[in-house]
Amino acid sequence: MPDLIARVLHLLATLVGALPAPVLRGIAAIGANIARRAGTRESMVTLRNLELAYPELTDDERAALQKAILRTTALQTLETLRLWTRPHARNLGMLREQHGVGLFDAALVSGRGLIVCAPHYGNWELLNQWLAARTPISILYRAPESAVGEAFLRRVRAGAADRVRQVRAEGPAVRQLWKTLKDGGVVGILPDQQPKAGDGEFAPFFGMPALTMTLASRLAERTGATVLFAYCERIGDGPDFALHVEPAPDAIADPDLVRATTALNAGVEHIARRDPAQYQWTYKRYKARPSGSDDDNPYLDLERRR
């Protein structure tokens, strides 16, 4: 049954993805307005995150940025359906600019292993397809809670099955990724994905302590692999993107995990500040609070409303 439902969902995704780009932009704009006016979870979490991360903005400035974020988030979701249901070679034509590819190529040929840190910025599914076109890669992912969601992801990512090894973010993951890097391979990690309790350190992110994964830093420190940041940034209003590959701060591989995660967050923050509307502000990045602190869960009042 999950496979059957996944096939139906794939068909629907194909139909949505086939819509012209201006239509997708229009749907995204309408959806964003509805979400903001209705006070959906995503809308309220976004506003709270902006209050925490950008205290210097006025209420009107935050409201305008909230609207832009919701619109971009909706558009990214719709465009991802298109990316998942079209030939990858055609999708890569959306990349009008490519910056820092020499850094990526040099890391590949070095044989030291490569960790690609890809924040939730721009369109990370397009980045995945670019990476898979260049080299085999092991990507750490958090498995969906439902069997249908898992079956759907397997189906939409089947086109890169021979180049992408999806590694569940579970117990054996560290060992699998470590082996890939020691063999000179490439690993992809979403560095701003909140880890489980006990698997992270608190480090500043936009001036607020945020529970931050230590996996990328531990892998870099123990294997000596190169660490690069990479992202596909939207250009203008159309379906065009610029690929960026940038060096990561050396401190990411520091054995002091507080120093390492601080450097990791600084790298993500630097990218997110390029265009805050392209960063994923719709999830509760600051929900976990440091032990013994007086900080409360900043989303608690939002959760009580639901």
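Derivation of every value follows stated rules applied to the coordinates shown; laboratory data play no part. Please read all numbers here as calculations on a predicted model, not as lab measurements. Heads up, the Cβs are rebuilt from the backbone with ideal geometry, glycines too, and the neighbour counts pull from every protein chain shown.
Considering only the other residues whose Cβ falls under 13 Å of the Cβ of ASP199, what net charge follows from Lys and Arg at +1 and Asp and Glu at -1?
+1
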Using Cα positions and a limit of under 26 Å, work out the lysines in reach of LYS284, with same-chain residues fewer than 8 apart set aside. LYS67, LYS196
From phi via Karplus (6.51, -1.76, 1.60), per-residue ³J(HN,Hα) for segment 208-217 in Hz, x at Gly/Pro: 10, x, 10, 5, 10, 4, 9, 4, 4, 5
Taking placed amide H atoms and a strict 5 Å upper bound, the residues 5 or more places from SER138 or on another chain that come that close are ARG165, VAL186, VAL187, GLY188
For a quick check: with amide H placed at 1.01 Å from N, whose amide H comes under 5 Å from PHE229's, ignoring anything fewer than 5 positions away on the same chain? CYS117, GLU246, ALA248
At a 10 angstrom cut-off on C-beta neighbours, averaged per residue, how do the peptides 231-237, 3-9 rank from highest to lowest? 231-237, 3-9
ILE27 versus ALA173, label points 7 Å from Cα toward the beta carbon: distance in nm? 3.0
Positive-end extreme of charge dipole, the chain - chosen from LEU92, GLY31, PRO2 (charges on Cβ): PRO2
Taking Cα centroids, how far is segment 79-139 from segment 205-261 in Å? 15
